[in-house]
Amino acid sequence: MAELKKVDDFQYDIPLMDEPVMSPENEPRKVQKNVNLPQSPKRKLRNISLLEKTIGFLLLVAIIGIAILTIQVRTSITQMTNEITETQATIQQKEESALKLEQQKNELSKADRIKEIAKNKGLSDNIDNTRKVK
């Protein structure tokens with residue numbers, strides 16, 4: 001088994017129970033005069049040096065500046081994102097319009113349709129004046 005370490009016995013200044021301790025009742029009780037009362041903010045600021053105050057002020061200004069800059073950057077990012085989204089929607093609408101116009105052009109320029117309109121207007125097919133283009 002493990003052995004217990006020997007610990008030195010300490011002597012405390014405790015009166016023995018057999019001997020009653022008598023305090024003189026005629027002596028007034030001593031009141032401690034050095035009571036640490038909370039200091040007012042002005043007194044606390046007097047203990048801080050001018051350099052520490054300046055550093056604290058500059059640190060506070062830097063934190064506020066960084067916060068404002070962060071908000072401004074996020075706002076500009078959001079605005080740019082909205083502008084990009086609007087531009088993409090406009091591009092998509094223009095592409096759809098171009099596709100519809102291309103389909104309409106192809107439908108209107110079919111050879112059968114052109115021949116039908118020519119016959120309705122009274123034009124005839126003159127084979128001698130027709131050329132084939134490659």
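Just so you know, all these numbers are worked out from the coordinates, no wet-lab data involved. All values derive from a computational prediction rather than experimental measurement. Here the Cβ positions follow ideal geometry from the backbone for every residue, glycine too, while neighbour counts run over all protein chains shown.
Segment VAL61..ARG131, full-extension length gain: 16.9 nm, with 0.36 nm per residue of separation and the alpha-carbon distance subtracted.
Computed from the C-beta positions of THR54 and ARG74 and an R0 of 35 Å, the FRET efficiency is 0.70 to the nearest 0.05.
3J(HN,Hα) along the stretch 66-75, derived from phi through the Karplus expression 6.51 cos²θ - 1.76 cosθ + 1.60 where θ = phi - 60°, amounts to 5, 5, 5, 4, 4, 5, 5, 5, 5, 5 Hz, with x in place of Gly and Pro.
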